[in-house]
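What follows is a set of notes on a single structure, which appears directly below.
The values are calculated or read from the model by the stated rules, or taken from the named source; none is laboratory data. What you see is a predicted model; the values in this text were computed from it and never measured. For neighbour counting, all protein chains shown are included, and Cβ atoms are generated from backbone atoms with ideal geometry for every residue, glycine included.
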Amino acid sequence: MNNCLETTKTIDRTASNGDFNIRRMVVAVDLSPRSEQVVASAAELAKKFGACVTLLYVFPTETLGESTNQQPPGSCEQEHRLKALKLIELMGVVRQTGVECDYDFLTGDAAEQVTLAAKVLKTDLIITTIHQPNSLVRLLGLDQAPRILDRANCPVLVFQQ
């Protein structure tokens, strides 16, 4: 968390010089228990800049295919509903700070969908998390943060779990 605070201070100093302006933020969440902390921190940052926030969750396509073949009918739709409810709950966390917030629930490759949504929304900052920062996870491409960093056309703030 200290690294994130240092990053926030850096952004604040830059903003006071008039060089950096954040009006729209996209927060890519995985809906893990850590998501609420990341969303709360993003809301505080958004409040400082007067920015609005869009929360994004990307449901992987391969999970959809596996779900249809291996799980009972309707379980995929139920999982979608549960994830959407969690996103709505996280949206409430942001709105409690007085920050305007919406959400989107996408399907596909997470890095691709997050960066595409950020481009379409004309986002000034993407916030995401990095998981299990070890070489095996990165080698297998299981962590989306480095892929988002590579594809993004705006600054990316990465929280380490």
| field | When residues of segment 97-153 are limited to those that are over 19 Å from A43 (Cβ atoms) and of a type in the set (D, E), the one modelled with the highest pLDDT | value | E112
| query | If you go through segment 51-63 one residue at a time, how many are under 14 Å from Q96 (Cα atoms) and surrounded by fewer than 18 Cβ atoms within 10 Å (Cβ to Cβ)? | reply | 1
| field | Filter result for the condition that a residue is surrounded by 14 or more Cβ atoms within 10 Å (Cβ to Cβ) and of a type outside the set (A, V, I, L, M, F, W, C), over K83, K122 | value | K83
| request: List every residue pair whose Cβ atoms lie under 9 Å apart, where the two residues are 6 or more positions apart in sequence or sit on different chains, the first residue falls within segment 20-36 and is more than 16 Å from L106 (Cβ to Cβ), and the second residue, located anywhere, is of a type in the set (S, T, Y) and loosely packed, with under 15 Cβ neighbours inside 10 Å. | output: F20/T14
| request: Kindly provide the set of residues from segment 18-34 that are buried (at least 23 other Cβ atoms within 10 Å of the Cβ) and either of a type in the set (G, A, S) or farther than 19 Å from E79 by Cα (or both), ordered by number. | output: M25, V26, V27, A28
| note | Taking first residues from segment 143-161 that are assigned to a loop (DSSP other than H, G, I, E, B) and second residues anywhere that are surrounded by fewer than 17 Cβ atoms within 10 Å (Cβ to Cβ), the pairs with Cβ under 6 Å that are 6 or more apart or on different chains are D143/H131; D143/V137; N153/K119; Q161/R34; Q161/H131
